[in-house]
Structures are given as C-alpha cells and as structure tokens.
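Everything on this sheet refers to the single structure shown next.
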Amino acid sequence: MPEYRHVLQNSPVIGSPGEYKPLIADDHFRLYLYRFWEYQEKLAEFIRVRAEHDPSPVIDTESDGQTIAAMFALKKSFCVISGGPGTGKTTTVAKILALLAQSRKLRIALSAPTGKAAARLQESITREKKHFLPEIQDIIPKTASTLHRLLGTIPGSPYFRYNARRLLPYDVIVIDEASMVDLALMSKLVQAISPKARLILLGDKDQLASVEAGAVLGDICASSINCVVQLEKSYRFGEHSGIGAASRAVNADDTGGQSLLLLKSNKYADAGWVELPAPNMLSSALKDRIIHGFQPYLTSLQNPVQALALFEKFRILCALREGAYGVFAINQTVEKILGKERLISGDKRWYAGRPVMITGNDYTLGLFNGDVGIALYEKGGLRVFFQAPDGGIRSFHPLRLPEHETAYSMTVHKSQGSEFERVLLLLPDKDAVILTKELIYTAITRAKESVEIWGKEDIFRAAVSRRIRRSSGLRDQIEKTPG
C-alpha cells in the first residue's frame with residue numbers, strides 16, 4: 001500500500017477531496033473519477049444536513065411498527081423505510097402522506113426507478129388511500145412516474161430539466177425500490193430537491209444494488225445516521241411460509257448450509273429445491289413447469305387484460321444471460337416446448353403470445369425499461385399490448401417498440417421491482433462472481449406464493465457465502481464530522 005499512496009499523492013492528475021482534477025483520492029485512498037466523487041459528496045452532504053436538523057433516534061420496529069414508523073418519519077425531512085416484501089412499506093408511507101396532508105395541501109410526487117416499479121407503487125398507494133377521507137385522497141397523487149420522467153429527461157443528454165438551479169416543485173417526494181437507484185441518479189435527485197421538501201426512500205436493503213455504480217440504499221442503512229426505519233414483521237409471509245423462512249435463512253447463513261437444508265427439507269409447500277439437470281436434460285426436465293406456467297395466459301389471448309394478468313403469475317429467473325442456463329437459451333427452450341405443444345405457432349420472431357420486456361426508455365411512447373407486453377392479433381395484424389399507468393391497456397405496432405427482448409425468462413437483476421405468484425430460479429452449473437447472497441435473496445423474494453430453486457449444492461453454497469463488495473465511500477462521507 002505505501003507505494004500506491006506515493007503514486008496517488010504525487011500524480012498530477014490525481015487530487016484530494018475539494019480539488020478539481022480528473023481523479024480524486026479520498027482519505028482512505030479510494031480512487032474516483034471526479035464526477036463520481038462529486039456525486040457522492042453532494043449526496044452525503046444532503047443526508048448529513050438533513051440528519052443534523054432532525055436528530056431523533058433511529059427506530060427498529062419488530063412488531064406492529066407501521067404506525068410508529070409513520071410517526072417517526074413525520075419528524076424527518078429525509079427518511080429511509082427499509083423492509084422485506086410484505087412488511088408494509090407502502091402502507092406506512094401512505095399513512096405518512098395522509099398525516100402530512102391533514103395540515104396543509106401538499107404537492108406530492110410518487111416515483112420509482114423503472115416503469116414496472118412505478119406502476120406497482122401507484123397500485124399500492126391507490127389501494128391504501130381508499131381508506132382515507134375524500135379530501136385526503138384528492139391530495140395524494142393518482143399516478144407514479146419513473147425517476148427519469150420526474151427529473152425531466154433531456155434526449156441525448158446526461159442532464160435533467162430539474163437540477164440544483166431549477167428545483168422540483170414538490171413538498172414531499174417518495175421513491176420506491178430505492179435499492180435500484182445508482183449513485184449518479186440519486187445524487188442528481190437530491191440536488192433537485194428544495195431545502196423545504198421531504199424525501200422518503202422505500203426499499204429493501206438486502207436486495208441487489210443498482211447495476212450502475214454505488215450501493216446507495218445499503219450504504220445509508222449501514223451508516224450511523226438517524227434517518228432509517230427497519231420494518232421487520234412480514235404480513236405476507238408468516239411462520240408457515242417457506243418463502244419467508246428461505247429468504248431469512250439466506251440472509252442469516254454465511255455458508256448456505258442451513259438455507260439449503262430448509263429448501264430440501266420438504267417442510268414447506270411453497271419453497272423447494274431441485275438438483276440441476278445436465279444441459280442436455282434441461283429441456284425435458286423443464287417441460288411440465290413451462291406448460292403449466294405459461295398455458296393459462298396463452299389460452300386467453302383474446303383478452304389482453306386477462307392475458308397480461310395471467311402472464312405475471314409465473315416467471316423463470318436466471319442468474320446469467322449467456323450459457324445453457326442463461327436467459328437467451330432458456331427463452332429459446334420455452335419457445336420450442338410451447339411450439340411443439342401448439343400453444344404458440346410460427347417460426348418467425350413475432351407471433352401471437354410472444355411476451356416482450358422493454359430494455360430501453362422511450363418517453364415519446366411512454367414505454368420504459370422493465371415494462372412487459374404481449375403480442376396479440378388485432379384486426380388482422382399483430383400489436384403489442386401493455387398495461388397503461390391508469391390501469392387501462394395500450395398497444396403498439398411491433399416496429400415502433402424501443403429496445404426489447406423475449407421475456408419468458410429474465411435475469412434476477414431485471415426482475416427487481418416485479419413480483420410473481422410463482423418463481424423458478426435457475427442457477428448455472430459453474431460458479432461466477434455475480435452469484436451472491438443478494439442475488440439469491442432477491443430471486444426468492446420476487447415470489448408471492450411459491451419459489452423453486454434449481455441448482456447444484458456447491459454453487460448455491462458459494463453464492464450464499466458471497467456478498468456484493470463495492471468499495472464505496474458514501475458511508476464514510478455520511479458519517480464524516482463537519483469541519
């Protein structure tokens with residue numbers, strides 16, 4: 001390390017925090033591109049300032065903590081509400097908004113990193129606000145947007161219409177699925193927030209972090225700053241839930257031994273283990289699962305609303321995109337099996353029933369990364385149907401779609417912000433650094449009714465014993481003593 005310190009301290013292109021040079025080395029000799037050091041510093045400063053103004057202690061709520069958490073958040077101009085699936089994060093934030101709206105008419109924004117996550121937040125808040133007085137319901141927004149739309153994307157530019165010089169016109173901003181937000185985007189968000197506005201982040205600190213730089217939610221929750229509420233009680237997964245037990249075991253088990261025993265025990269009907277078949281046996285092994293999982297929506301193609309709803313009941317999740325157990329190969333396998341069963345027809349790229357996931361953003365069409373649609377015949381031609389933000393249905397000609405891919409299976413990363421009744425997780429037959437405790441946990445918690453993991457014991461154990469390691473300095477910057 002001493003030789004590296006000498007190089008860092010004497011290089012003309014490397015500066016210390018506060019200097020304007022291409023690279024910045026912090027006090028722990030982490031090396032940043034200048035813009036990423038600045039993103040981190042501005043985000044940490046936002047959190048430090050808010051925490052200094054709101055010195056109330058952190059609350060860990062293990063029982064019926066939603067109301068307590070809501071009251072705690074009312075005292076904070078910046079608050080993180082973290083918890084696993086079914087712990088009531090959106091119920092809690094709905095209570096917060098209702099309590100805030102009693103005192104004055106607020107301008108509230110609801111947002112999430114992806115279109116899918118935004119739609120889920122919108123559905124949850126709409127469901128909760130039905131319990132409030134009509135005048136309160138009118139104040140809480142009817143729609144949620146993506147973060148990029150909230151900030152105002154400028155086509156072809158990394159900048160947004162709302163920024164430090166033009167602040168967002170809201171009193172309260174709620175961001176769901178905050179674990180998916182990278183350092184750059186979170187920093188740009190806080191820079192665009194008025195000093196008088198509240199920011200509430202919702203998320204699960206144990207989920208996968210963003211694909212891009214940073215592990216913002218995890219770093220905030222790991223810091224000693226007094227702005228985090230951790231909800232522990234799951235209202236969805238009780239003591240007889242294998243999904244709940246498996247997700248907790250994965251988080252607690254560094255070696256994967258106990259979580260593997262639980263999955264293989266047959267104690268729970270909703271969580272199980274299948275030994276991974278060889279590549280040449282995979283198709284035949286998956287056949288029954290594929291037919292059972294996808295036949296319901298494929299026999300309902302005359303009704304777009306019903307087909308979209310039924311398609312969300314089952315999904316195959318993969319750790320990787322490439323290889324025999326990756327997304328591309330599995331999507332091809334599914335198509336071949338469904339074709340032989342005559343559930344889909346034709347050998348062309350587009351056919352009735354083809355599910356697609358948008359992988360880019362098109363603000364003109366209102367289609368965003370993570371949106372899922374199904375190709376159906378309408379008046380003699382194929383169109384791709386998507387659920388609209390208001391709960392209705394929109395359709396587009398296939399040639400108009402932004403970047404997209406077939407979506408019978410998807411990576412665990414792409415599944416974030418989504419939930420399915422049944423999940424089948426396919427692990428690869430060889431170890432890879434992408435296989436981590438967070439990936440396994442995220443995959444398990446995408447399931448609402450049942451999860452099945454297909455893998456090899458040694459690969460599973462290696463994954464559960466490996467945590468995502470990102471050398472972020474955000475936690476240190478948040479805890480930095482002023483001056």
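Per residue, how much accessible area does the chain show when a 1.4 Å probe rolls over the protein heavy atoms, in square angstrom?
46
Using Cα-Cα distances under 8 Å and only pairs 6 or more residues apart, what relative contact order does segment 37-194 have, in percent?
Reported relative contact order: 26 percent.
Specify the angular offset, from 0 to 90 degrees and rounded to the nearest 10, of the alpha carbon long axis of helix 34-53 from the longest principal axis of the alpha carbons in the chain.
70
List the lysines whose Cα lies under 30 Å from the Cα of residue 456, skipping any in the same chain that are fewer than 8 positions away.
205, 264, 267, 287, 313, 336, 340, 414, 430, 437, 448
Could you please state how large a percent of the accessible area of the chain is carbon and sulfur, counting protein chains only and using a 1.4 Å probe?
Roughly 51 percent of what the probe reaches on the chain is carbon or sulfur.
In whole Å, how far is the Cα centre of segment 244-302 from that of segment 365-382?
Computed from Cα coordinates, the inter-centre distance equals 29 Å.
Once both axes come from the Cα atoms, what is the angle between helix 279-298 and the longest principal axis of the chain, in degrees from 0 to 90, rounded to 10?
On a 0 to 90 degree scale, this one is about 90.
The values are calculated or read from the model by the stated rules, or taken from the named source; none is laboratory data. Keep in mind that what you see is a predicted model, and the values were worked out from it rather than measured. The area values use the complete protein model at the heavy-atom level, side chains included, leaving out ligands, DNA and RNA. Shrake-Rupley method; radii C 1.70, N 1.55, O 1.52, S 1.80 Å.
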